[in-house]
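The values are calculated or read from the model by the stated rules, or taken from the named source; none is laboratory data. Small disclaimer: the values here were computed from a predicted structure and weren't measured. Cβ coordinates were reconstructed from backbone atoms using ideal geometry, including for glycine residues, and neighbour counts include every protein chain displayed.
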């Protein structure tokens, strides 16, 4: 079984997190998981093909924003809330609050 890379808490960099959250699709993914909790990878409605979704999930995971848990043949993704809050207090809440108030959701038909 392939071992997925998740950075340690001390290895999570602010620039990597902000870069990962700068893409509208990835930001939408994080907002949806934040609201609903852990989700199987294929259950989040996004307007991209499976391979592109995998790319976005990988970018978020390698930046330290999400954690991927493998159970059987499924992969479940969750936000690393506690890790991000201890490393960068208030960052995730601020970014998601700004996203909810922005027009990005409508612009990309993600509402």
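Mind listing whichever residues of region 34-44 are over 22 Å from residue 98 (Cβ atoms) and part of a loop (DSSP other than H, G, I, E, B)?
The one that is over 22 Å from residue 98 (Cβ atoms) and part of a loop (DSSP other than H, G, I, E, B): 38.
Just one of the numbered conditions (1) touching a helix residue (DSSP H, G or I) at 6+ places or on another chain (Cβ under 6 Å); (2) surrounded by 11 or more Cβ atoms within 10 Å (Cβ to Cβ); (3) at pLDDT below 90 is not true of residue 111; which one?
With respect to (1) touching a helix residue (DSSP H, G or I) at 6+ places or on another chain (Cβ under 6 Å); (2) surrounded by 11 or more Cβ atoms within 10 Å (Cβ to Cβ); (3) at pLDDT below 90, residue 111 is out only on (2).
Before we move on, is residue 32 without any contact (Cβ under 8 Å) to a residue 60 or more places away in the chain and within 11 Å of the chain's Cα centre (by Cα)?
So residue 32 passes the test.
Answer yes or no: is there a residue in region 80-95 that is within 17 Å of residue 46 (Cβ to Cβ) and either touching a residue at least 24 places away in the same chain (Cβ under 8 Å) or in a helix (DSSP H, G or I) (or both).
No: zero hits.
Taking residue 25 as the residue in question, decide whether it is part of a helix (DSSP H, G or I), touching a residue at least 24 places away in the same chain (Cβ under 8 Å) and touching a strand residue (DSSP E or B) at 6+ places or on another chain (Cβ under 8 Å).
No, not satisfied.
Has region 69-77 got at least one residue that is surrounded by 13 or more Cβ atoms within 10 Å (Cβ to Cβ), without any contact (Cβ under 8 Å) to a residue 60 or more places away in the chain and outside any strand (DSSP E or B)?
The answer is no, given that none of the residues of region 69-77 is surrounded by 13 or more Cβ atoms within 10 Å (Cβ to Cβ), without any contact (Cβ under 8 Å) to a residue 60 or more places away in the chain and outside any strand (DSSP E or B).
Given the conditions (1) farther than 18 Å from residue 2 by Cα; (2) not in a strand (DSSP E or B), and given that residue 51 satisfies all but one, which numbered condition is not satisfied?
The single condition residue 51 does not satisfy is (1).
Could you give me the residue pairs with C-beta distances under 7 Å whose first residue belongs to region 38-65 and is on the phi > 0 side of the Ramachandran plot, whose second residue is part of a helix (DSSP H, G or I) wherever it lies, and which are 6+ apart or on separate chains?
Listed pairs, sorted by first residue: 64/16; 64/17; 64/83.
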